[in-house]
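Undergrad: Quick one: this structure, given as C-alpha cells, is what I'll be asking you about.
The values are calculated or read from the model by the stated rules, or taken from the named source; none is laboratory data. Note that the coordinates shown come from a computational prediction; the quantities given were computed from them, not determined experimentally. So basically every Cβ, Gly included, is an ideal-geometry build from the backbone, and we count neighbours across all protein chains shown. Note: accessible area is taken over every heavy atom of the protein model, side chains too, but ligands, DNA and RNA are not part of it. Shrake-Rupley method; radii C 1.70, N 1.55, O 1.52, S 1.80 Å.
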Amino acid sequence: MKDANAILSTAKDTILLESNAIANLANLLNSSFTDAVNFIFNSKGRVIVTGIGKSANIATKMVATFNSTGTPAVFMHAADAIHGDLGNVQDDDVVICISKSGNTPEIKVLVPLIKNYNNKIIAITGNPDSFLGKNADFLLNSFVDKEACPNNLAPTTSTTAQLVLGDALAVCLLELRGFTSSDFAKYHPGGALGKRLYLRVSDLIKNNELPKVKSTDKVTQVIVEISEKRLGVTAVVNNDKIAGIITDGDIRRMLSKTTKIDELTATDIMSTTPKTIDVDAMAVEALDTLENNNITQILVTDADNNYVGVVHLHDLIKEGIF
C-alpha cells in the first residue's frame, strides 16, 4: 500500500501541472477567440458541441453550461453524427468541435460534412496544424505540454484545458447578453441554487403557525402559545402591530430569576426591538439577518407593517438554503 506522503505528492503534482497548463491558456488566446464569441452572440441558431471519447464528455458539460447561462446548445456525439445525428445541425447553428489531436477518424469525416452545410466550425484543439485546426473557421488553441497521467496517455490536463476554454466562452457570452441572477433563476428553478435565487419569505411562512399574544397576557398564556405553535417564539401584538417578541430563551431566563410568574405579563419579559423582515423579501435576506444577529427566528411583516408570520432557521434548512 502506497504511503500517505507519496499519495499526497502525486495529487499535488497533478494539481500543479494542470493549473500551470490552464494558466498558459491565457497566453494562447488571440483574435480568433473574440471572433468566435461575437459570431456565436450574433448567430440566430444554436451552438452544437461535438467530440469523441473524453472530449465528448467535456462537450456535454459545455452544453450544460451554455444552456444554463442563456446560450442555447445541443450535444452531438461525433461518432453518432456520421451515422444519422448530423440531422441535429440546423441552418444557422454554430458547431464547436473538440479534439485534442484534431486528427481522429470521426473528426476527419465529420468536419467536411458540416462545412458542406455552410455551418461555421469553432475548433478547440491542442494541435493547430491538425485537420480540424486547418479546416475550422475559428481556432481555439487548447495545447498542453503533457498530461497529468504519468504515462502521458490518459486525457487529464488536456480535457481540463478544453473545459476551461468552454467556460471562458460561456462567461464572455453571458456578459454580452447582460445575463443576470434573475435570468439564472429562470433556468435553475430546482435545488438549493435555484431556491436561493427565487424563494421568498412569503413562501417560507405558508405552513407555519402564527404565534401571538397581547402585551397584557399573562406569562402562563405566553408559555402555552410558544409551546403550541412550536416555533420557539411568539410575537407580542397589539392591533396587528408588533409590540415585541418573546422567545423560549426569554422564558428560561425569566424562570431562573423568579418563580412568581402569575404576577408577570408579556410586557414584563418581551424584547421591544425585534428583528423583522418584509414578507416579499428574498429568503436569503432572512438567512443573512438571522446569521448577522445570531438568532434563529425573525418576525415577518407586510407592506402595512402588520405582523403576518415567523421565519425559523429550520425553514431555511428544510429548503436547503442554509
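Undergrad: For the stretch 221-306, which whole percent of the accessible surface, found with a 1.4 angstrom probe, sits on carbon and sulfur atoms?
TA: 43
Undergrad: Using a cut-off of 13 Å between beta-carbons, work out the net charge of the residues near L264 (Lys and Arg +1, Asp and Glu -1, L264 not included).
TA: Computed value for this residue: -1.
Undergrad: Kirkwood-based Rg over Rh for the stretch 30-80 (C-alpha set), two decimals?
TA: 1.00
Undergrad: How many percent of the accessible area of the stretch 92-144 is carbon or sulfur, using a 1.4 Å probe?
TA: The nonpolar share, carbon plus sulfur, comes to 50 percent.
Undergrad: At q = 0.12, 0.18 Å⁻¹, what is the base-10 log of I(q)/I(0) for the stretch 90-146 according to the Debye formula with one equal point scatterer per Cα and no solvent? Please give it to two decimals.
TA: Summing over Cα pairs of the stretch 90-146 leads to -0.24, -0.51.
Undergrad: Hey, what's the Cα Rg ratio for the stretch 1-114 versus the globular rule of thumb, 2.2 N^0.38 Å?
TA: 1.33
Undergrad: Rounded to a whole number of µm²/s, how large is the Stokes-Einstein D of the chain at 37 °C and 0.692 mPa s, given Rh as the Kirkwood radius over C-alpha pairs?
TA: Value of D from the Cα-based Kirkwood radius: 136 µm²/s.
Undergrad: Hey, got the Cα dimensions of the stretch 1-52 along the principal axes, in Å, largest first?
TA: In descending order, the Cα extents are 56, 25, 15 Å.
Undergrad: Something else: Which whole-number percent is the relative contact order of the stretch 221-322 (Cα, under 8 Å, 6+ apart)?
TA: It comes to 22 percent, rounded to a whole number.
Undergrad: Rounded, prolate or oblate, given the Cα gyration tensor of the stretch 205-250, with a/c below 1.5 counting as rounded?
TA: Oblate shape, in that a/c is at least 1.5 and b/c is the bigger or equal ratio.
Undergrad: Accessible area per residue of the chain at 1.4 Å probe, in Å²?
TA: On a per-residue basis, the chain sits at 52 Å².
Undergrad: Can you give the direction-averaged projected area of the convex hull of the alpha-carbon atoms in the stretch 61-122, in nm²?
TA: Average of the hull's projected areas for the stretch 61-122 equals 4.3 nm².
Undergrad: Something else now. Could you work out how far the C-alpha centroid of the stretch 23-87 sits from that of the stretch 201-247, in angstrom?
TA: Each part reduced to its Cα centre gives a spacing of 55 Å.
Undergrad: Here is a follow-up. Under a crude label model (7 Å from the Cα following the beta-carbon direction), how far is N116 from L264 in nanometres?
TA: 8.7
Undergrad: What pairs in K61/K146; K206/K260; K44/K206; K54/K120; K12/K108; K206/K257 have C-alpha atoms more than 32 Å from each other?
TA: In this structure, K206/K260; K44/K206; K12/K108; K206/K257 exceed 32 Å between Cα atoms.
Undergrad: Would you mind checking the radius of gyration and Dmax of the stretch 221-313 based on alpha-carbon positions, in Å?
TA: 13.6, 42
Undergrad: Here is a further query. May I ask for log10 I(q)/I(0) of the stretch 116-166 at q = 0.13, 0.19, 0.20, 0.23 Å⁻¹, from a Debye sum over the Cα atoms as equal point scatterers with solvent left out?
TA: With no solvent term, the Cα-only Debye profile gives -0.35, -0.65, -0.70, -0.84.
Undergrad: Something else now. Quick check: pseudo-label points 7 Å beyond the Cα along Cα→Cβ at K108 and L210, how many nm apart are they?
TA: Modelled inter-label distance: 7.5 nm.
Undergrad: So what is the relative contact order for the stretch 207-248, in percent, with contacts set as C-alpha pairs under 8 Å and at least six apart?
TA: Relative contact order here is 38 percent.
Undergrad: Calculated FRET efficiency, S227 and T180, Cβ-Cβ r, R0 45 Å, to nearest 0.05?
TA: The formula returns an efficiency of 0.50 here.
Undergrad: Using the alpha carbon gyration tensor of the stretch 108-246, what are the three equivalent-ellipsoid semi-axes (square root of 5 times each eigenvalue), largest first, in whole Å?
TA: For the stretch 108-246, the semi-axes come out at 63, 19, 12 Å.
Undergrad: Where does the charge balance sit around L110 when Lys and Arg score +1, Asp and Glu -1, over other residues with C-beta under 11 Å from its C-beta?
TA: With Lys, Arg at +1 and Asp, Glu at -1, the net is -1.
Undergrad: In addition: Based on Cβ point charges of +1 for Lys and Arg and -1 for Asp and Glu, what charge dipole magnitude is obtained for the stretch 274-322 about its Cα centre, in debye rounded to the nearest 20?
TA: I would put it at about 220 debye.
Undergrad: Follow-up. So if each residue of separation counts as 0.36 nm, and I subtract the Cα-Cα distance between T14 and N292, what length gain in nm does that give?
TA: 96.1 nm
Undergrad: For N238 and N27 in one chain, what is 0.36 nm times their gap in residues minus the Cα-Cα distance, to one decimal in nm?
TA: 69.2 nm
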